[in-house]
Each structure stands twice: as C-alpha cells, then as structure tokens.
Amino acid sequence: MLADAKIPEGYVRVFRRPDSMSDAPYTYCPGCHHGVIGRLVAEAIDELGIRGRTVGIAPVGCAVFLYRFYRCDFVQAAHGRACAVATGLKRANPDLIVFSYQGDGDLAAIGTAETVHAANRGENITVIFVNNQIYGMTGGEMAPTTLPGQRTVTTPEGRDVRATGYPLKISEMLAQLDGPAYITRQAVYDVRHVQMARRAILQAFRNQLEGKGFSMVEVVAACPTNLKVSPVDGNKWVTEQALRYFPLGDLKVRDR
Amino acid sequence: MRVLMRGNEAIAEAAIRAGCKCYFCYPITPQGELVEYMARHLPQQGGVFLQAESEVAAINMVYGASAAGVRTMTSSSSPGISLKMEGISYLAGSRLPAVIVNVMRGGPGLGNIAPAQGDYFQATKGGGHGDYRLIVLAPSTVQEAAELVMLAFDLSDHYRVPAMILADGMLGQMMEPVELPEPVDEGTILEKPWALTGAEGREPRVVLSFDLDPQGLKEMNLTLQRTYREIEAHEVRWEEVDTADAEILLVAYGTMGRIAKTVVRLARAEGIRAGLLRPISLWPFPYEPIRALAERIPVVLTVELSAGQMWEDVRLAVEGRAATPFYGELGGVVPTPKEILSEVKKHAR
Ligand SMILES: Cc1ncc(C[n+]2csc(CCOP(=O)(O)OP(=O)(O)O)c2C)c(N)n1
Ligand code: SF4
C-alpha cells in the first residue's frame, strides 16, 4: 500500500491519505471523478476532526462500496433513500455528523422525493451529489441529468428532449426552497476547481456542525467509461458539454 | 389502572412505554389515531415524531434510526405497507430491529377502509424481495395489542429481526378497557454492539444488506436462516379455547379469532363441541399445536377475513389428518357469529 511505502532518506512526505480514509483500494474506473470527490470528503472530515462521530451513507451506484474507503461508521441505503436514512440517523442521534453520498440516478430520479423533502425540512445533514449525467453502475443508461442529444445505452440516438425531458436541475430546484442552508455546484476537472470543491464540501460539513441545516454540494463529474472516452477527454466533456447545462457556483447560501 | 382506549391508541402508548424513541409515519385510515397519538405524546416523552413524505421515506427513516441503535417504529395500513416492503427487506437483510404496525384494510389496490386480513401472505411469507421472515404478532383485543407491542420490541431487539404487529381496522378502532404495561426500564433494553454511534476509539462499523460475492451472501443468508430456526423453536404463541373435548376445531386470528370465541360459545350452547385455536404469532406459525389437535379432532375449520391465506398454513399443519374446510369473507365484510355458526353446523358431525 502506498500509505505504508518507505520514505527514502532525505525525502519528506508532503502528500498522504487523509486519516479518515482506509487503505482499501478504490473500486472506481481510471479517470472517474468519484475518486477525487471521495478524497475531498475525507479531507473535510479530517480538517474538522469529526471522524469519530461521523456516519456516512453509501448509495446504490458506483459508490456503493464507499464504506470500504473510510475509517468511519457507515450504512448502505436502498437506491435513492439515503436522505431518508440520513434523517432517521440524525434525528435518532443529533450528535452524529451524517452525510450521504449519491449519484444522479440515486438522488435525482428514484430518490427525488426523499431528497426534496429532506431539503425542505432543513434536515441538518450534508449531501454530496455526484452528477455524472449517466447511470454508471448499471452500464450507462440515461440519467435525469443526461444532456440533450447525449448518447446512452437507453438513448442510442441521443437524448430526445421531446420524449424524455430535459436535464433535471435539482440544485436549482432545491435552491428555491426555504429549508436548505447551502446549495452549491462544483466540479473537479482541474486543480483550481478541486480546491473550490474542497472548500465547498468543508463548508457543507461545517454547516452541520453549526446546526445550520441541509447542505448539498453537487459535483459535475465525468464517467469516462460510459462516455467511452479517455480520462482527459472526460474532463473536457465536463467543461465543454456538461457545464453548459450545469453552470458552477453557489445557488443558495443562508448565513444563519 | 384500567383505561378506556382505542386499539390504535393502545398500540401507540405501548410503543412509548416500550422505549420507542423514533416514530415515522404517513397518514392512512384506519390507523389515523395511532399517528395522532404519537404526535401528541412521543415528543413530550423526549422522542422523535416525524411525518414523512411517504411510506417509503418513513420506513427508510426507521432504517436510519435503527442503525443508530434506538428503538423505532412505523405504522400504516395495507397500501402503505406495500410501499414499505423494499425498506422492510433491507431491514431484514441488514439485521436491524424495528416494529412495523399494519392495521389491515380491504384490498387489493386502494380497496377500502374496512377491516380485512388480506395481507397475511405479505406479512408472513416475505412480501418484499429475498429470503427473509418477519416476526408477526396478531392481537385480538386492545389489551393484547398493547402487550404484543411491548413483546415485539423485545423480540426484535433480541433476534435482530424486524417484527410486525398485524392488526385490522376493527381492532384499531375498537375501544376497550386496557391495563397498560409498565414502561420498560431503559437500562434493561438490550445493548446494541453493532449500532452506528461514531467510530471514536473503536473499529468502524458497517450496516448493510449486500455482498456481491455469492459465498458471502450465502453466509449472510445462513445467519438469517439460523435465526429463523431459533425463533421457530422458541417463539410460537397461540391460545386454545375448549379444545380438550372438541369435535370441531376453529382456527382464526386477530378480530376473527375474537369472533370465533363467541361462535364456540354459541355452538356449545347448541350442543356442538366446538373449540378454537387462535394463532398469536402468525410467523412463527403454530403448526405443531394444530397438528396435535388434528390427530384427534376430525374437522379443522379455518375462518378468515380473506380468501384463505392462513388456510394454506393450516392445511400444511393438518397434512390430511382431518377435514379442512374454510370460511372467509372478502372486501372488508365481517361475518356475524351466527353466519359462522351455521358454517360450523354444516361441518360438525
Ligand atoms: C430499486 C432499485 N432499482 C434499480 C437498481 C439498479 N441500479 C443500481 S445502480 C443504478 C443507477 C446508479 O446511477 P447513479 O445514481 O447515477 O450513480 P453512478 O453509478 O453513476 O455513480 C441503478 C438503476 C437498484 N439497485 N435498486
Ligand atoms: S462506471 Fe463511470 S461512474 Fe462508475 S466507476 Fe466507472 S467511471 Fe466512475
């Protein structure tokens, strides 16, 4: 394991796994943005010193093995139900720091109701929402966030908005509600944006510590495997295609 | 002290006394009073009452609260219970304790709000996906409802198997004097060394219901099956009325069990030696007690508010030892004792 690698004499370690991450190898494909986002979550947990009271919720989707990657308590939720499970956990024990980590199929299709209502209740939880415009785990089907014209295995001719609607802008929807404290959209395709996303995720956890309520960080991500492109072209897909429909920035910031 | 209460209210109060800390619901008739009672009383006792956006959300909130290690409950009626099935399967797979109350109504579909027993298969044979069982307890009086709720929490914690109270609209609405059970001493509630409380100073814990490796999932399933065998060995509950000299045995549960008691009395007044076996645990089902009675009683008449769902289990128990006629009502129609009595007369020698 990299974490255990010996440092040669005269060298100083400047980059290491966050404390709250385990040694388990990622199960993601090369170039997948899930990996970067998962690390940012761990960095936030480390920085706030909350590993020992954090409970994560793994979704159904490519992040289903999330619990392996952290040294935190974890529960795996049914497809789309993470925000309801988070509600139960947090209400049962408000001392816990509870976060869910969900894909776009999970959060914005099958789990739309659970997400909207947890947000509207202002549940004091943190939600990490990975919008990769596709169903990664099941083999590249259309997601609610799939772009118009985008080819997927269930839209072989490209998404026809007249038949299947438009990319669902769930963050914009949630930002209209009075309940949420913080709704932001970030990306991780380059270093600058990774740093911005890192700050946003940290803020979303800090809000929970301060009792501010529902905070969600959407990350516009790439699934190079199902786009059938290289990791580098996956990044390009995000900047050249996805961000046209999903512009970055804060959608709602409530300071109390 | 005995107090006059509706079945729904007694179930709610018993849950609070059992130490239920989190209750999640979605309104549906005929269990409205249960929801209302919890809304008024649970927060006062320091618990959490939350009206969810759907039964799907409610059962998943139960999943979260149970994972956090507290006693938790949800209640609904037939259509809402159907929606909870996914979550119940996850609870079973993750070995999370919880109490689920089904105050059954007429079905299928939207059905109606009259009392029925059409959810027997759903409750006792799975209902959700996968090889799992629920502990299913069927009260026939308000008193028994209160007692079985307390028991359901204990059994569910002990075996780490979700427990269901299978009542019906009649019992939910009925008012009866009830001696409420004493509140549990919180210190006596079973420790939960698997609960998610934060990994400070210990190894992280994980609650999940999956294993992609077939051998691993087989092991998980074998653990469940071993638990189910243990429950079958220790938790079968039933009541017998006048079975000692019976020439015809009625088998009925819940509200029908209660009506069948009257039928036994009426039959005896007319010189027919009727008896009753009333299953209290529907799973585990009292196969052995029924089998033993069928050795010497020639007719075993099943009476249900369904087209004969429990009847299948009765016939499995009897295995040809006796005649097994059936009498059922459908759609929320509740037969009178007289109607059942004429059925008894038809079959008694
Ligand atoms: C109730 C239910 N329906 C369908 C599935 C199958 N399924 C597994 S993952 C998935 C989609 C996941 O896509 P997304 O949430 O976008 O996450 P990603 O894999 O892209 O990270 C589906 C439909 C399931 N497990 N449960
Ligand atoms: S299929 Fe896509 S989302 Fe899933 S791990 Fe691979 S690249 Fe990531």
For the protein assembly as shown, what class follows from the C-alpha gyration tensor (a ≥ b ≥ c being the square roots of its eigenvalues): rounded when a/c is under 1.5, otherwise prolate if a/b is larger than b/c, else oblate?
-> prolate
Going by how many other Cβ atoms sit within 10 Å of their own, how do A:ASP190, B:ASP185, B:ASP157, A:ASP104 line up, fewest first?
-> B:ASP185, A:ASP190, B:ASP157, A:ASP104
Scan around B:VAL207 for amide H atoms under 5 Å from its own, H built in the peptide plane at 1.01 Å from N, and keep only partners 5 or more places away or cross-chain.
-> A:PHE74, A:VAL75, A:GLN76
Name the most mobile residue of B:MET38, B:MET85, B:MET174, meaning the one with the largest mean-square fluctuation, in a Gaussian network model of chain B with Cα contacts below 10 Å.
-> B:MET174
Restricting to chain A, compute how many DSSP beta bridges are antiparallel as a %, nearest 5.
-> 25
Using the alpha-carbon atoms, what tilt in degrees (0 to 90, nearest 10) does helix B:7-17 show relative to the longest principal axis of chain B?
-> 40
Give the long-range amide H neighbours of B:VAL136: residues separated by 5 or more places, or on another chain, with amide H under 5 Å away, using H modelled in the peptide plane at 1.01 Å from N.
-> B:MET164, B:LEU282, B:TRP283
Using only Cα atoms, what is the ratio of the radius of gyration of chain B to 2.2 N^0.38 Å?
-> 1.00
With Rg and the Kirkwood Rh both taken from Cα atoms, where does Rg over Rh land for the range B:239-347?
-> 0.92
Length-normalised contact order of the range B:239-347, Cα under 8 Å, at least 6 apart, in percent, tallies to 30
Go ahead and run the numbers for FRET between A:TYR166 and B:HIS158, Cβ-Cβ distance against an R0 of 51 Å, rounding to 0.05.
-> 0.50
What percent do you get for the relative contact order of chain B when only Cα pairs under 8 Å and 6+ apart count?
-> 18
Can you work out ³J(HN,Hα) from phi for every residue in the range B:251-259, in order, using Karplus 6.51 cos²θ - 1.76 cosθ + 1.60 and θ = phi - 60°, giving whole Hz and x for Gly and Pro?
-> 10, 7, 10, x, 4, 5, x, 5, 5
For A:VAL98, enumerate residues with amide H under 5 Å from its amide H, sequence gap 5+ or separate chain, H modeled in the peptide plane.
-> A:VAL55, A:THR126
Over the whole of A:114-123, what's the average partner chain Cβ count within 10 Å per residue? Rounded to a whole number, please.
-> 2
Apply the membrane-span-like helix rule to chain A: whole DSSP H runs, Cα extent along the own long axis of at least 20 Å, mean Kyte-Doolittle hydropathy at least -1.0. List the helices found.
-> A:33-48, A:191-209
What per residue convex hull volume, in Å³, comes out for the range B:1-91 when only alpha-carbon positions are used?
-> 90
Hey, what do the phi angles of the range B:279-294 turn into as Karplus ³J(HN,Hα) couplings, whole Hz, using 6.51/-1.76/1.60 and θ = phi - 60°, x for Gly and Pro?
-> x, 9, 8, 7, 9, x, 7, x, 4, 4, x, 5, 4, 4, 5, 5
What is the local net charge at A:ASN93, summed over the other residues whose Cβ is closer than 14 Å to its Cβ (Lys, Arg +1; Asp, Glu -1)?
-> +3
3J(HN,Hα) from dihedral phi, the range B:161-172, Karplus parametrisation 6.51/-1.76/1.60, rounded to Hz, x for glycine, proline = 10, x, 10, 10, 8, 9, 10, 9, x, 5, 5, x
Principal axis dimensions, largest first and in whole angstrom, of the range B:126-202 by Cα | 51, 36, 16
What 222 nm value per residue comes from the helices of the protein assembly as shown, counting each DSSP H run with n ≥ 4 as -39,500 (n - 2.57) and dividing by all residues, nearest 500 deg cm²/dmol?
-> -11000 deg cm²/dmol
Compute the length gained on full extension between A:VAL229 and A:ILE7: take 0.36 nm times their separation in residues and subtract their Cα-Cα distance, giving the result in nm to one decimal.
-> 76.4 nm
Using the count of nearby Cβ atoms within 10 Å as a rough guide to exposure, how do B:TRP238, B:TRP194, A:TRP237, B:TRP283 rank from fewest to most?
-> B:TRP194, B:TRP238, A:TRP237, B:TRP283
Largest fluctuation, B:VAL149, B:VAL178, B:VAL62 only, Gaussian network model of chain B with Cα springs under 10 angstrom, belongs to B:VAL178
Among B:HIS234, A:HIS117, rank each residue by its count of other Cβ atoms within 10 Å, from fewest to most, as a rough exposure measure.
-> B:HIS234, A:HIS117
Using only alpha carbon pairs under 8 Å that are at least six residues apart, calculate the relative contact order of the range A:34-253 and give it in whole percent.
-> 20
If you find the alpha carbon centre of the range A:25-76 and of the range B:144-215, how far apart are they in angstrom?
-> 30
According to the square roots a ≥ b ≥ c of the eigenvalues of the Cα gyration tensor, what is the shape class of the range A:71-199, taking rounded for a/c under 1.5, prolate for a/b larger than b/c otherwise, and oblate for the remainder?
-> prolate
Relative to the longest principal axis of the C-alpha atoms of chain B, give the angle of the C-alpha long axis of helix B:142-159, reported between 0 and 90° and rounded to the nearest 10°.
-> 50
Looks like chain A, by Cα gyration tensor root eigenvalues a ≥ b ≥ c and the a/c under 1.5 rounded cutoff (else prolate when a/b is bigger than b/c, oblate otherwise), is oblate
Could you work out how far helix B:309-318 tilts from the main Cα principal axis of chain B, as a 0 to 90 degree angle to the nearest 10?
-> 70
Can you list the equivalent-ellipsoid semi-axes of the range B:226-292, largest first and in whole Å, using the square root of 5 times each Cα gyration tensor eigenvalue?
-> 27, 12, 6
Residue-averaged beta-carbon neighbours from other chains (10 angstrom radius) around B:20-29 = 1
Zone reached by a paramagnetic label modelled 7 Å from B:ARG2 Cα along Cα→Cβ, restricted to the range B:259-294 with backbone N below 20 Å, covers B:259, B:261-262
With T = 20 °C, eta = 1.002 mPa s and Kirkwood Rh from C-alpha pairs, the Stokes-Einstein D of the range A:1-89 in µm²/s is about 148
Residue of B:PHE49, B:PHE153, B:PHE24 that the Gaussian network model of chain B assigns the largest fluctuation, springs spanning Cα pairs under 10 Å = B:PHE49
Return the FRET efficiency for the residue pair B:THR262, B:LEU212: r is the Cβ-Cβ distance, R0 is 41 Å, and the value is rounded to the nearest 0.05.
-> 0.15
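Every read-out reported here was derived from the displayed coordinates using simple, explicitly stated rules and does not represent laboratory data. Bear in mind the structure is a predicted one, so any value in this text is a computation, not a measurement. Virtual Cβ from ideal backbone geometry, glycine too; neighbours counted across all protein chains shown.
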